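Structure first, commentary second.
The values are calculated or read from the model by the stated rules, or taken from the named source; none is laboratory data. This one's a predicted model, so the numbers in the text were calculated from it and none came from an experiment. For neighbour counting, all protein chains shown are included, and Cβ atoms are generated from backbone atoms with ideal geometry for every residue, glycine included. Heads up: the accessible areas ignore ligands, DNA and RNA and are worked out on the full protein's heavy atoms, side chains in. Shrake-Rupley method; radii C 1.70, N 1.55, O 1.52, S 1.80 Å.
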Amino acid sequence: MTIKDLISSLEEFAPLRLQEDYDNSGLQVGIAVQELKGVMIALDLTEDVVDEAVRLGCNMVVTHHPLIFQPLKTVSDLTYQQRCVIKALKNDVVLYSMHTNLDNVEGGVNHRMAEKLCLSDLDWIEAMQPIAGRNCGSGLIGTLPQSEEAGAFLRRVKTVFKVPCLLHSELPSSLIRRVALCGGSGSFLMSKARELGADCFITGEISYHRFFENDGMLIAALGHYHSEQYTQELIKDIVMERFPAIRVEMYGRPTDPVKYLI
């Protein structure tokens, strides 16, 4: 099979029309008509990810975050993006991204987060019109199996998402049962989550002043990387479900550029 065959299947699951206007999901670099030899999956595209793909004989890398967000005016060795492009082209490695189209689709990034927290009765925080027969929306709200004390719930969240430093608002005295979430930068959904009766809202990044605007709802910021880290296993599951014979490699080192002094 060709790389183009795999791309077609990935886009059937998460159509590119689901991505946000600012995004650049899809084929980033390379020629997709070549035979697929192996797939490397990572959250972010770095030079080391490309090197690892080459070392393991993978000629396609699928990431969540796009390497190319803004147009490249030059391709040299000045930035890591440009160096990644050069490495990929020199080694016939195709670079592909599933970003906000995978965030916004049913069974995507936010559903995997909800699964990790054992949430049920899931609804979109902001529903969209179905696209290409796929239900879609921004963020999710769901129900815990049983109510939890706020501090205990946050400690569980910290463990589940392997967060070294969890930022959160003041702990409420009330119990947590309805939980809203959004991977990455999801604070734009905070107000709607509160209107929907969420006791807690979880996302990757929340700016300082938004912590004043929680209106009594517990809010927590995991860190962008930590909120979306399980996207790697999600993409692997999507690929393996459709093409179980494909060789899939998971990039095994954290790509989080933010470091924590603990």
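I want the local charge near residue 218. Using Cβ-Cβ distances under 9 Å, sum +1 for each Lys or Arg and -1 for each Asp or Glu among the other residues.
Spelling it out: positives minus negatives among the neighbours equals -2.
Using the Kirkwood formula over every pair of different C-alpha atoms, what hydrodynamic radius in Å results for the stretch 215-262?
Values: mean 1/r = 0.0737 Å⁻¹.
When all Cα pairs of the stretch 215-262 are included, the Kirkwood radius is 13.6 Å.
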With eigenvalues of the C-alpha gyration tensor scaled by 5 and rooted, the stretch 109-170, Å
26, 13, 11
For the chain, averaging the sequence separation of alpha carbon pairs under 8 Å that lie six or more residues apart and dividing by its residue count, the contact order in percent is 19 percent
Quote the charge dipole size of the stretch 1-54 about the Cα centre in Debye, to the nearest 20; the model charges only the Cβ of Lys and Arg (+1) and of Asp and Glu (-1).
300 debye
With springs only between Cα atoms under 10 Å, which of 208, 251, 230 fluctuates most in a Gaussian network model of the chain?
208
Taking only Cα atoms of the stretch 158-262, radius of gyration then Dmax in Å
16.3, 51
So if I take the alpha carbon set of the stretch 136-181, get Rg, then get Rh from the Kirkwood formula, what is the Rg over Rh ratio?
0.98
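When the convex hull of the Cα atoms of the stretch 90-145 is projected onto a plane and the area is averaged over all directions, what value comes out in nm²?
5.3 nm²
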Please calculate how many Å² of accessible area the chain carries per residue, with a 1.4 Å probe and no DNA, RNA or ligand atoms counted.
48 Å²
Two-decimal ratio, the stretch 54-104, of alpha-carbon radius of gyration to 2.2 N^0.38 Å:
1.22
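Do you know the relative contact order of the stretch 38-158, to the nearest whole percent, from alpha carbon pairs under 8 angstrom that are 6+ apart? Intermediate results must be reported in sequence, preceding the final value.
Details: 171 pairs, mean separation 22.6, N = 121.
About 19 percent, as a whole number.
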Placing +1 at every Lys and Arg Cβ and -1 at every Asp and Glu Cβ, with all other atoms neutral, what dipole size does the chain have around its Cα centre, in debye to the nearest 20?
460 debye
Sorting 54, 138, 206 by the position of each Cα along the dipole of the chain (Lys, Arg +1; Asp, Glu -1; all at Cβ), the one nearest the positive end of that ordering is 54
Lysine pairs meeting the criterion (Cα under 25 Å, 8 or more apart or interchain), as found in the chain
20
If you take the C-alpha gyration tensor of the stretch 45-187, multiply each eigenvalue by 5 and take the square root, what semi-axes do you get, largest first, in whole Å?
37, 19, 14
Pop out the carbon and sulfur fraction of the accessible area of the chain as a percent, whole number, probe 1.4 Å.
52 percent
For the stretch 1-106, divide the Cα radius of gyration by the Kirkwood radius and give the resulting Rg/Rh value with two decimals.
0.95
Would you calculate the convex hull of the Cα atoms in the chain and tell me its volume per residue in Å³?
139 Å³
